[in-house]
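Q: Pasting a structure below so you can have a look.
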Amino acid sequence: MVKNLSNSFKLQTQNLDLNRIKSDMRAISDEFSHLKIKEGGKSENDKGFIELLENGLNEVNQNIQTSEKLSMDLASGKETNIHETMLAATKAELSFSMLVQVRNKVIEAYQEVMRMQV
């Protein structure tokens, strides 16, 4: 059962590489880096959005690694707590799904901005 769960999760994560998502987000951010923010906003050198995305990517990556480690430990007999393993796998799956949705929304917003007439 754990092996099937681990295999299905690996299949899902193979379709979208975290590094590819990170490079997509950075490319979109770089595209808008020349724009200055008007009054009341932060300076153009503020990297808050990119840092937020990178922190999110790192957290998702950590969740996936923890899930894989617990799955391997359970399969090898080192870990006997299946509840903790299943919770870690579910947490990793949900965080990865949310990351994919955030990526899709950012790309959709970028495409919308690019369609605007100036």
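Computed from the coordinates by the stated procedures, all read-outs in this text should not be read as laboratory data. Model, not experiment: these values are computed from the prediction. Cβ sites come from the backbone with ideal geometry, for glycine too, and all protein chains shown count toward neighbours.
Q: Which is touching an Asp or Glu at 6+ places or on another chain (Cβ under 9 Å), of a type in the set (Val, Ile, Thr) and surrounded by 14 or more Cβ atoms within 10 Å (Cβ to Cβ), of THR66, THR85?
A: Values: THR66 fails: touching an Asp or Glu at 6+ places or on another chain (Cβ under 9 Å).
Of THR66, THR85, the one residue that is touching an Asp or Glu at 6+ places or on another chain (Cβ under 9 Å), of a type in the set (Val, Ile, Thr) and surrounded by 14 or more Cβ atoms within 10 Å (Cβ to Cβ) is THR85.
Q: Pick from the range 69-82 the residues that are surrounded by fewer than 18 Cβ atoms within 10 Å (Cβ to Cβ) and of a type in the set (Ser, Thr, Tyr): which of them is nearest to SER23 (Cα to Cα)? I'd like the intermediate steps shown before the answer.
A: Step one: of the range 69-82, the residues surrounded by fewer than 18 Cβ atoms within 10 Å (Cβ to Cβ) are 69, 72-73, 75-82.
Those still in the list that are of a type in the set (Ser, Thr, Tyr) too: 76, 80.
Details: SER76: 35, THR80: 38 Å.
Looking at residues that are surrounded by fewer than 18 Cβ atoms within 10 Å (Cβ to Cβ) and of a type in the set (Ser, Thr, Tyr), I get SER76.
Q: Then there is this: Can you pull out the residues in the range 73-97 that are charged (D, E, K, R) and within 15 Å of the chain's Cα centre (by Cα)? Lay out the reasoning, then the answer.
A: Taking the range 73-97 as the starting set, the residues that turn out to be charged (D, E, K, R) are 73, 78-79, 84, 91, 93.
Result: LYS91, GLU93.
Q: If I ask for residues that are in contact (Cβ under 8 Å) with a residue 60 or more places away in the chain and closer than 22 Å to ARG20 by Cβ, which ones from the range 83-112 would you list?
A: Across the range 83-112, the qualifying residues are ALA92, GLU93, PHE96, LEU99, VAL100, ARG103, VAL106, ILE107, TYR110.
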